[in-house]
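The structure appears right after this line, and notes come after that.
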Amino acid sequence: MRLIGITGGIGTGKSTVTNYLQSRYNLPIWDADIYARSAVAIGSPILQAIGQRYGIAILQSDGALDRTRLGEIIFGNIHERQWLEAQIHPYVRNCFEIEISRLEADATAVLAIPLLFEANMTDLVTEIWVVSCDRSVQLHRIMTRDRIDASAANIRIDSQMSLVDKAALADVNLDNSTNIADLERQIDIYLKINH
């Protein structure tokens, strides 16, 4: 069983990597972000706990989580971020464990886990691929994608474990500083080398 853990920093191109692995190689992609969203679905116990902690203002008019407001709270406060992660990470881990249990022994699957190291989920994968890029490229991508200024983007980058530290723990380092063709070439090589 080959379980590839894809991680990296915010805005480094993790989704680009998983999309390519799915479209080019037809590999199943299990995404921590999707599981985390379902963890806070309307009516879920975790969303109720978030509402109790931060008040009704953390919810939108339809009862859904106001992610922007929650982001403003947790990106600037490590204590609150740790509290939130303690609610969500066990749920996400359980989702991965269920998927892994259904996998055939000779199969390959991809686990997209942005907080692979921080959430102590490295035991779920057989190899770790870290997607990195230059800080300036990362900053530009986050500002463009999330429509935020450089100061807010830097706070988000700095709230995560550094890319240098993640790269040091990786089995495979993918550099996404240049273009998609170069990134895809790296993916092709490493997928075949480690197979």
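Each value in this text was obtained by applying a stated rule to the coordinates, not by laboratory testing. Please read these numbers as outputs of a predicted model, since none were measured by experiment. Cβ placement follows ideal geometry from the backbone for every residue including glycine, while neighbour counts extend to all protein chains displayed.
Roughly what would the spin-label model give for ASP188 and MET1, points 7 Å off Cα along C-beta, in nm?
3.1 nm
Could you give log10 I(q)/I(0) at q = 0.08, 0.15 Å⁻¹ for the chain, computed by the Debye formula over C-alpha point scatterers of equal weight, without solvent?
Result of the Debye calculation: -0.28, -0.98.
Charges only on Cβ, +1 for Lys and Arg, -1 for Asp and Glu: so what's the dipole of the range 2-193 about the Cα centre, in debye to the nearest 20?
Numbers: 18 positive and 24 negative charges, 66 e Å.
Here the size comes out at about 320 debye.
Arrange the following residues from fewest to most other Cβ atoms within 10 Å of their Cβ: MET143, MET161.
Final ranking by Cβ density, sparse to dense: MET161, MET143.
Report for the chain the percent antiparallel among DSSP-assigned beta bridges with both residues inside it, nearest 5.
In the chain, approximately 5 percent of DSSP beta bridges are antiparallel ones.
How do TRP83, TRP30 rank when sorted from fewest to most other Cβ atoms within 10 Å of their own Cβ? Before the final figure, lay out the partial values.
Values: TRP83 14, TRP30 21.
Arranged by neighbour count, lowest to highest, TRP83, TRP30 become TRP83, TRP30.
Stretched out fully, how many nm does the piece from GLU80 to THR126 gain, at 0.36 nm a residue minus the Cα gap?
Taking 0.36 nm per residue and subtracting the Cα distance, the gain is 13.5 nm.
Say the dipole of the range 2-193 comes from +1 at the beta carbon of Lys and Arg and -1 at that of Asp and Glu; which of GLY71, TRP129, GLN186 then lies farthest toward its positive end?
Checking the options against the dipole of the range 2-193, the answer is GLY71.
At 18 Å minimum axial length over the Cα atoms and a Kyte-Doolittle cut of -0.5, report the qualifying DSSP H helices in the chain, or say none.
In the chain, the long hydrophobic H runs are 78-101, 180-193.
Applying 1/(1 + (r/R0)^6) with R0 = 41 Å to the Cβ-Cβ distance of ILE155 and GLU97, what FRET efficiency is obtained, to the nearest 0.05?
E(calc), rounded to 0.05, equals 0.80.
Fewest Cβ neighbours within 10 Å first, please rank ILE50, ILE34 accordingly.
By the 10 Å Cβ count, ascending: ILE34, ILE50.
Would you tally the net charge around LEU174, using a Cβ to Cβ cut-off of less than 13 Å, leaving LEU174 out, and scoring K and R as +1, D and E as -1?
So the surrounding residues net to -3.
Where Lys and Arg each count +1 and Asp and Glu each count -1, what net charge lies around ARG24 among other residues with Cβ under 13 Å from its Cβ?
Once all neighbours under 13 Å are counted, the net charge is 0.
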